[in-house]
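Heads up, the thing below is written out as structure tokens.
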Amino acid sequence: MTSADAVHPPAAGPSSPAARPAPDPAAGAAVKAADRDHVFHSWSAQKLIDPLAVAGAEGSWFWDYDGKRYLDFTSGLVHTNIGYQHPEVVAAIQQQAGKLATFAPAFAVEPRSEAARLIAERTPGDLDKIFFTNGGAEAIENALRMARLHTGRPKVLSAYRSYHGGTAAAINATGDPRRWPSDNGTSGVVRFWAPFLYRSPFHSAGEAEEGERALRHLEETIVFEGPGTIAAILLETIPGTAGIMVPPPGYLPGVREICDRYGIVLILDEVMAGFGRTGKWFAAEHFDVVPDLLTFAKGVNSGYVPLGGVAISAEIAATFDTRPYPGGLTYSGHPLACAAAVATIGVMDREDIVARAARLGETVLGPGLRELAERHPSVGEVRGTGAFWALELVRDRETREPLVPYNASGEANAPMAAFGAACKERGLWPFVNMNRTHVVPPCTISEAEAKEGLAVLDEALTVADRWTV
């Protein structure tokens, strides 16, 4: 056991008597009944879903009221970077609640000030001013507003294969099908293709060519849209829900140069990739790029209390030195959320969690997933870094035909549904989206737990293999 493990040891496995919860099916049935009667779930047809009633969670595990435990390869929604119920963060929330449970955002309060200081110390470059929100979508909303006000320009460029949040401006900037029902066509967003060699829209032969052609395409889009009309380019540094496509070397520096040349604000969305997930504090560090605005949420406090924000460059912050910024939130920088962030960052430092995530990717997840690809014809590509990986599942490796069609549902999605069910039956909770499964466990997962999860994936992929040619 490493010294970091000794500080916060991995949660006991499912065979540990100390960790095994006492089953209480009646309580679970009551929770499920109240949920079905009164809770309206996001992104769902309400009568077609069957939510699992969760009794508790610890470390990398959660369990239901029947006592069945699941190894969480989703980190919730890729936010429990330090695992569930870390005692130091729980204690910090409790202590803050006893001291000052809430206070309006116009005042200076200790947890808000300290959280902003700690975040600013870790963001790249001069991103030293922090505007707090309640989550990632609101962070995007405000970053877009800041960029438009700073430049006086109306348009935003964003990529296909992206997700930026469910609120009005954020969903219109999104590049996946969740945008379609809410796309009013008047949001001032223009989409472009970002690099993705495995399914290249540029017919590239290699990473370097993909990056070069993607940059040429982006600049041509800017030229034809009118550079003087474009406020910002919005990119996920490493796209998350859309597929964990790590951009080729040179691409993000090239985007930075284009933005500088045309006076366009560069916004990097690090809501999912930030706070250690990729083996760096922020994914931008992998590419030596400093954006003008950086959005964050999720891992900033492992999702224990809702919190997000925008890290702002000195130049953009100065725009609002004497000009009021026309935006705000009742719970901006909520004391409980900020206390959780302060404690989380402290835990990440003491337990060396960023480096642990990097090692996890280099020594366990990356090699293990590539071994699975060698054995299973349904795995078309493995990609990722740190605790941030995706398997592209296909029917045919030669043609790269996806295992299910784009945005499939119902019977067309049967192969992925069967794969997901096989994981859950074996005690692994998978992240499944379209024709992919993402491997995004807590950054604190132990090597033994990660290998246990990979073994379940190995078995479940035999189910996906049945649909290959």
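Descriptive notes on the structure:
- Global size of region 331-412 as Cα Rg and Dmax, reported in angstrom: 19.0, 54
- The amide H of Gly67, built 1.01 Å from its N in the peptide plane, has Asp24 as neighbours under 5 Å, considering only residues 5 or more places off or on other chains.
- Computed from backbone phi, the HN-Hα couplings of region 275-288 come to 6, x, 4, 9, x, 9, 4, 9, 4, 4, 5, 5, 10, 6 Hz, rounded to whole numbers (Karplus: 6.51 cos²θ - 1.76 cosθ + 1.60, θ = phi - 60°; Gly and Pro given as x).
- Global geometry of region 352-469, whether rounded, prolate or oblate, following the gyration tensor of its Cα atoms and the 1.5 cut on a/c: prolate
- In Hz, Karplus ³J(HN,Hα) per residue of region 24-41 (6.51, -1.76, 1.60; θ = phi - 60°; x = Gly, Pro): 8, x, 5, 5, x, 5, 5, 4, 5, 5, 5, 4, 5, 7, 10, 8, 9, 8
- Cross-link pairs exceeding 23 Å in C-alpha to C-alpha distance, out of Lys129/Lys298; Lys32/Lys68; Lys424/Lys451; Lys298/Lys451; Lys47/Lys424; Lys32/Lys99, comprise Lys298/Lys451; Lys32/Lys99.
- Close amide-amide hydrogen proximity is noted between Asn433 and His438, each under 5 Å apart and 5 or more residues distant or on a separate chain (H modeled in the peptide plane; Pro and chain starts excluded).
- Rounded to the nearest Hz, the phi-derived 3J(HN,Hα) couplings of region 320-336 under the Karplus curve 6.51 cos²θ - 1.76 cosθ + 1.60 (θ = phi - 60°) are 10, 5, 10, 10, x, 7, x, x, x, 9, 4, 9, 4, x, 4, x, 5, where x marks glycine and proline.
- Relative contact order computed over the chain (Cα-Cα under 8 Å; 6+ residues apart), in percent: 20
- Taking the centroid of alpha carbons for each part, region 405-422 and region 267-308 are 31 Å apart.
- When every Cα-Cα distance of region 88-350 is counted in 5 angstrom steps from zero, the calculated P(r) takes the values 1, 6, 13, 18, 19, 17, 12, 7, 4, 2, 1, 0 percent.
- Long-range amide H partners of Val265 with built H, under 5 Å: Ala232, Ile233
- Among the chymotrypsin sites (Phe, Trp or Tyr not before Pro) within region 268-352, not one is in coil by DSSP while having at most 13 neighbouring Cβ atoms inside 10 Å.
Taken together, the values in this text are just the output of simple stated rules run on the coordinates, not laboratory data. This is a predicted model, so every value here is computed, not measured. Every residue, glycine among them, receives a Cβ derived from its backbone with ideal geometry; neighbour counts consider all protein chains shown.
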